[in-house]
Amino acid sequence: ETKLYKINLDGKKNKLYSTSKVITHIEGTKDYISVAQAGEDSDMGVADIVQISARDGMSKIILSNVGDFHKWLDDKNIVYFKIIEKNSANSDIYLAEIQTFNIVDNSSKTLAKALVNKIGGIDCYKNGSGVVFTAINAGSPDIDMNFTEGMSGNSYAYRYDLQTKALEKLSEDIINYVNLSPDGTKLLVKNKTGEYDANINLSYIDLKDKS
């Protein structure tokens, strides 16, 4: 059994949630905590997202068949990878849509389509203006995107602007982790410069000039 606790500044500990599933990722706002846990669809091998009240621990599954990594855009909206299809030749590669979900009206919007690696990452600008994520390839929601034989699982960093709906690739380096600085001007990444480079570096991309 996996247990989730809330610890107050005075050290008092309260159990908020428990599950027989493995919890792989935790995010939250002042009102809610969200966890990714092993999903019901064992064939897909992906996650369910559970919304938990930070006040009383009331919980419910709000999303299924999604990637582990997700972020809160604001107090009402979550951005995540909606998994559409698994590559039968490589179980670590999925066809996905980058979506937002509103917890108030239960509506979802698709931002982009992508081929993603299971260990991919996602983050949001603190002002809610955009999203950064890792993907093998990404494009508009209506683009035709398919698995290819022997395709590489190398992923790259992309940015989606929620105002202009512009999608851009940020670097040609192979990247599997992204974390925006608080002011949104730099992107911390785990990267390597070539497919056969054994060294994984911790570096950053200056988003003002994408250097």
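The values are calculated or read from the model by the stated rules, or taken from the named source; none is laboratory data. Just so it is clear, the structure is predicted and the values come from calculations on it, not from any experiment. Note that we place each Cβ from the backbone using ideal geometry, even for glycine, and neighbour counts take in every protein chain shown. For accessibility, only protein heavy atoms count, side chains too; no ligands or nucleic acids. Shrake-Rupley method; radii C 1.70, N 1.55, O 1.52, S 1.80 Å.
Within the bounds of region 180-188, is there any residue that is at pLDDT below 80 and over 15 Å from Ser155 (Cβ atoms)? Give the derivation first.
Step one: of region 180-188, the residues at pLDDT below 80 are none.
The answer is no, given that none of the residues of region 180-188 is at pLDDT below 80 and over 15 Å from Ser155 (Cβ atoms).
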Select the strands (runs of 3 or more DSSP E) contained entirely in region 99-156, then report the ones holding at least 3 residues which are within 19 Å of Asn65 (Cα to Cα) and either touching a His at 6+ places or on another chain (Cβ under 9 Å) or open to solvent by 30 Å² or more (accessible area, probe 1.4 Å) (or both).
108-117
Could you list, in sequence order, the residues of region 59-100 that are of a type outside the set (A, V, I, L, M) and closer than 19 Å to Lys126 by Cβ?
Phe69, His70, Lys71, Trp72, Asp74, Asp75, Lys76, Asn77, Tyr80, Thr100
From the list Asn117, Asn102, which residue is within 26 Å of Val189 (Cα to Cα) and in contact (Cβ under 8 Å) with a residue 12 or more places away in the chain?
Asn117
